[in-house]
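Visitor: Supplied in structure tokens, the structure appears directly below.
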Amino acid sequence: MKVIKRDGRAVDYDRDKIRIAITKANNDVSEDARVSNRQIDNIIRYIESLNKKRILVEDIQDIIEKKLMEIKKFDLAKAYIIYRYNRALVRKSNTTDESILSLIRNENKELSEENSNKNTSIASTQRDYIAGEVSRDLTRRVLLPEKISKAHDEGILHFHDADYFVQPIFNCCLINIGDMLDNGTVMNGKMIESPKSFQVACTVMTQIIAAVASNQYGGQSVDISHLGKYLRKSREKFRKKIMSTHEGKISKEQIDLLVEERLKEELAAGVQTIQYQINTLMTTNGQTPFVTLFLNLKKDDPYIKENAMIIEEILKQRLQGIKNEKGVYVTPAFPKLIYVLDEHNALKGGEYDYLTRLAVKCSAKRMYPDYISAKKMRENCEGNVFSPMGCRSFLAPWKDKDGNYKFEGRFNQGVVSINLPQIGILSHGDEKKFFEILEERLELCFEAIMCRHYALLGTTSDISPIHFQYGAIARLKKGEKIDPLLKDGYSSISLGYIGVYETTKLVKGVSHTDPIGEKFAIKLMNKLRETTDRWKKETGIGFALYGTPAESLCYRFARIDKEKFGIIKDVTDKGYYTNSYHVDVREKIDAFSKLKFESQFQKISSGGAISYVEIPNMRHNLKALEELVKFIYDNIQYAEFNTKSDYCHVCGFDGEIIINKDLEWECPNCGNKDKNKMNVTRRTCGYLGENFWNEGKTKEISVRELHL
């Protein structure tokens with residue numbers, strides 16, 4: 001049996017600790033009020049007879065108090081409660097020493113693997129993590145209601161980003177970059193005026209991105225269509241300068257040629273500035289800014305030609321990659337790229353099809369861009385096309401007082417996710433019981449989500465001037481409260497969900513791709529959506545249903561439920577839960593059918609949804625990828641490609657990555673062992689660790705077997 005401590009750690013059950021605690025309470029009461037050793041043994045035996053795989057330390061203490069009361073040892077129960085209270089005071093005085101020290105010693109494996117964008121051995125990152133541990137501790141002990149903290153520990157829900165909750169900052173946003181470039185901004189107390197050229201605009205944009213990332217904890221997106229006018233300014237500047245020197249001396253055609261040559265040089269330099277600045281800047285939380293570039297050619301854009309040039313250059317430079325410390329071109333993690341498919345570039349004879357073919361080539365080699373169908377998004381979002389915040393969380397359409405849709409300058413207040421498979425386990429296949437438990441747990445999630453909202457209420461614009469005073473979100477006055485931005489649907493706040501596939505298997509006995517399972521899954525998704533819509537109507541806050549909130553959460557929920565309920569076929573035996581509404585990776589389904597099937601869930605999950613397909617050897621399947629891109633345009637709002645090929649991001653090796661004698665992935669070319677810096681094809685059917693789950697039996701396994 002594992003005992004879950006108050007800091008979330010799982011430790012082995014130790015009956016002697018129970019005996020010691022009761023004995024200490026015994027010593028504080030008169031002899032006739034004490035319990036005998038036999039009675040202590042009975043309490044211990046009762047706890048052990050529960051046969052739990054996992055139990056909270058508070059639950060053990062509750063049982064002890066209850067048993068003492070049952071045998072009418074009221075004075076002893078009171079002494080035990082006082083003992084328990086005193087121990088709680090000791091804990092509250094200092095609860096983070098070990099986690100912080102293990103971080104500094106670089107021994108905290110969970111933190112080191114939590115975020116591939118953070119290197120926990122670097123001092124600046126360690127400072128952020130130390131602050132995060134203090135925030136997480138205060139959140140658990142002081143800021144959240146005890147039942148919410150307990151629900152988080154038990155895997156009932158997940159309170160995201162507790163390591164930042166102590167501060168009144170928000171999750172993710174769409175930067176109003178057009179306003180900041182056109183009307184200027186302020187950074188570090190210095191006025192930044194509207195740029196006069198494309199390269200300066202690129203530099204200013206990356207500085208804004210870094211400042212924004214340092215004052216929030218989630219992703220951000222930038223619509224690069226705002227750069228088109230600055231590329232035109234550069235063209236006009238070059239033309240004016242060249243004509244002042246060469247007019248009348250050379251032909252108009254030669255002048256045009258010189259202008260375009262200079263412009264292409266500036267274009268390449270500006271895009272390179274974006275790419276290298278983002279990948280070399282470090283935010284105050286010790287990482288590269290989590291930023292997405294939104295590549296959208298709008299039909300009515302007066303700068304569409306310039307923006308087509310910018311998109312082409314961004315794709316070309318991403319295709320090339322960035323040199324690492326060994327001089328090898330590798331795939332940078334940021335900026336993420338999202339490419340919008342519209343009627344003029346959907347590979348159906350449109351003017352800008354050449355850009356889409358370049359995007360497909362880039363996806364095949366560098367995994368990005370992802371793809372948004374403007375056609376499907378307009379159907380789902382009241383005729384609008386807009387970027388997610390970061391790469392997955394979407395806003396709902398919102399109109400200003402003049403009736404105009406607005407997306408840039410809006411944000412997400414935070415996320416709480418619900419563990420759907422755990423409800424499926426507890427329902428024992430009874431659909432009615434499932435929805436009864438779901439109803440109870442959704443109300444618990446509502447309380448947790450409202451904690452995020454209340455934490456932001458009353459915050460003044462001074463908390464982050466770049467966001468609230470100088471244009472990224474708003475232009476409020478100093479000292480002005482941000483409260484209006486938290487209400488009336490201006491910003492969103494999200495309910496995330498995990499494991500529709502596993503939940504359907506538990507309740508209906510089949511996958512959600514089966515007609516019976518599909519009917520249940522749609523019913524479940526509609527229930528979640530109806531609930532968030534009801535919350536939005538009742539509170540005026542922009543509640544949203546958010547798919548794919550965190551891949552690591554799929555493993556956390558599955559681990560907790562495996563410890564608690566044991567091995568359940570097709571559920572806890574895999575070591576992970578399937579993300580959101582996705583089809584499980586082990587199901588035999590072709591890419592087109594998968595995207596078509598999942599598209600129905602994206603419309604319901606309006607606060608965030610993405611689907612992906614795995615393509616083997618993508619670099620050699622460009623035609624197949626082009627067919628998929630055409631299919632995406634007609635059938636699904638948001639999709640991405642993954643590859644089944646191994647790839648090392650340190651040296652660029654794309655052969656088979658091996659497993660060494662220490663059961664670690666290792667690149668045979670450069671020796672890289674950091675799994676966050678490689679893509680590895682899953683070549684086993686289960687858990688990579690001391691034991692290997694195989695066809696219902698746990699057994700020791702050799703490296704040779706594991707490599708199979």
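The values are calculated or read from the model by the stated rules, or taken from the named source; none is laboratory data. Given the structure is predicted, the values throughout are model-derived calculations rather than measurements. Note that we place each Cβ from the backbone using ideal geometry, even for glycine, and neighbour counts take in every protein chain shown. Side chains included, ligands, DNA and RNA excluded: accessible areas come from the protein's heavy atoms. Shrake-Rupley method; radii C 1.70, N 1.55, O 1.52, S 1.80 Å.
Visitor: Averaging sequence separations of C-alpha pairs under 8 Å and six or more residues apart, then dividing by the length of the chain, give the relative contact order as a whole percent.
Guide: 12
Visitor: Quick one: which residues, 5 or more positions from Tyr638 or on another chain, have an amide H under 5 Å from its amide H? H modelled 1.01 Å from N in the peptide plane, none for Pro or chain starts.
Guide: Counting only residues 5 or more places away or on other chains, the set is Ser373, Ser611.
Visitor: Moving on. Give me the orientation-averaged projected area of the Cα convex hull of the stretch 344-501, in nm², one decimal.
Guide: It is 13.9 nm².
Visitor: Contact order normalised by length for the stretch 228-303, with contacts defined as Cα pairs under 8 Å and 6 or more residues apart; what percent is it? Before the final figure, lay out the partial values.
Guide: Details: 31 pairs, mean separation 21.7, N = 76.
Value for the stretch 228-303: 29 percent.
Visitor: So what is Rg over Rh here for the stretch 310-362, counting just Cα atoms and using Kirkwood for Rh?
Guide: The Rg/Rh ratio comes out at 1.08.
Visitor: Still on this structure: Just to verify a number: FRET efficiency for Val142 and Lys596, C-beta to C-beta distance, R0 = 60 Å, to 0.05?
Guide: E between Val142 and Lys596, to the nearest 0.05, is 0.80.
Visitor: Moving on. Whose amide H sits under 5 Å from the amide H of Tyr577, counting only residues 5 or more places off or on another chain, with H placed in the peptide plane?
Guide: Long-range HN contacts for Tyr577: Tyr555, Ala558.
Visitor: Let me ask another. For Gly496, what residues show an amide H to amide H distance below 5 Å, using hydrogens built from the backbone and excluding near sequence neighbours?
Guide: When sequence neighbours closer than 5 places are left aside, the close amide H contacts are Val416, Ser417, Ile418, Tyr546.
Visitor: Let me ask you something else. How many angstrom separate the Cα center of the stretch 225-278 from the Cα center of the stretch 477-543?
Guide: Distance between centres, Cα-based: 48 Å.
Visitor: Separate question: Diagonalise the Cα gyration tensor of the stretch 146-303 and give the resulting equivalent ellipsoid semi-axes, square root of 5 times each eigenvalue, largest first, whole Å. Present the calculation step by step, with values, prior to reporting the outcome.
Guide: Numbers: eigenvalues 376, 44, 33 Å².
Its equivalent ellipsoid spans semi-axes of 43, 15, 13 Å.
Visitor: To continue, here is another question. How much accessible area per residue does the chain have, counting only protein heavy atoms and a probe of 1.4 Å, in square angstrom?
Guide: 45
Visitor: What is the distance in Å between the Cα centroid of the stretch 284-339 and that of the stretch 18-72?
Guide: 62
Visitor: Using the alpha carbon gyration tensor of the stretch 454-539, what are the three equivalent-ellipsoid semi-axes (square root of 5 times each eigenvalue), largest first, in whole Å?
Guide: Value: 41, 13, 10 Å, ordered largest first.
Visitor: Go ahead and estimate [θ] at 222 nm for the chain from helices alone: -39,500 (n - 2.57) per DSSP H run with n ≥ 4, summed, over the residue count, rounded to 500.
Guide: After summing the helix terms and dividing by residue count, I get -14500 deg cm²/dmol.
Visitor: Work out from phi, with θ = phi - 60° and the Karplus expression 6.51 cos²θ - 1.76 cosθ + 1.60, the ³J(HN,Hα) of each residue of the stretch 61-74, listed in order in whole Hz, and give x for Gly and Pro.
Guide: 5, 4, 5, 4, 4, 5, 5, 5, 5, 4, 9, 6, 9, 5
Visitor: Within 10 Å, count the other beta carbons around each residue, average over each peptide in 316-326, 165-175, and list them highest first.
Guide: 165-175, 316-326
Visitor: Continuing with the same structure: If I stretch the segment between Arg15 and Glu447 completely, what's the gain in nm (0.36 nm per residue apart, minus their alpha carbon distance), one decimal?
Guide: Values: separation 432, 0.36 × 432 = 155.52 nm, distance 3.54 nm.
Going from the current span to full extension adds 152.0 nm.
Visitor: With a sphere of radius 12 Å drawn around the Cβ of Lys375, what net charge do the other residues whose Cβ falls strictly inside it have (Lys, Arg +1; Asp, Glu -1)?
Guide: Once all neighbours under 12 Å are counted, the net charge is 0.
Visitor: Something else: Short version: ³J(HN,Hα) in whole Hz for each residue of the stretch 598-610, in order, from phi by Karplus 6.51 cos²θ - 1.76 cosθ + 1.60 (θ = phi - 60°), x for Gly and Pro, what are they?
Guide: Once rounded to whole Hz, the list reads 6, 4, 5, 7, 4, 5, 6, 8, 5, x, x, 6, 8.
Visitor: For a quick protection proxy, order the peptides 40-47, 149-156, 252-259, 528-535 by their average other-Cβ count within 10 Å, most packed first. Show your work: numbers first, answer last.
Guide: Working: 40-47: 16.1, 149-156: 20.6, 252-259: 13.8, 528-535: 18.6.
Ranked from most to least packed, the peptides come out as 149-156, 528-535, 40-47, 252-259.
Visitor: Further, regarding this structure: No solvent, one uniform scatterer per C-alpha: report log10 I(q)/I(0) for the chain via the Debye equation at q = 0.12 1/Å, two decimals.
Guide: -1.50
Visitor: Would you list, by chain and number, the lysines whose Cα falls below 19 Å from the Cα of Lys477, excluding same-chain residues fewer than 8 positions away?
Guide: Partners within reach: Lys190, Lys487.
Visitor: Order Met180, Met243, most accessible first, counting only protein heavy atoms with a 1.4 angstrom probe.
Guide: Ranking Met180, Met243 by accessible area, largest first, yields Met243, Met180.
Visitor: A follow-up question, please. At a 1.4 Å probe, what is the % contribution of carbon and sulfur to the accessible area of the chain?
Guide: It is 50 percent, rounded to a whole number.
Visitor: May I pose another question? How large is Rg/Rh for the stretch 499-583, to two decimals, with Cα atoms and a Kirkwood Rh?
Guide: When Rh is taken as the Kirkwood radius, the ratio is 1.03.
Visitor: Give, as a single signed number, the net charge of other residues whose beta carbon lies under 10 Å from the beta carbon of Lys348, with Lys and Arg counted +1 and Asp and Glu -1.
Guide: Values: positive: Lys630; negative: Glu343, Asp353, Asp634.
Combined, the nearby Lys, Arg, Asp and Glu give -2.
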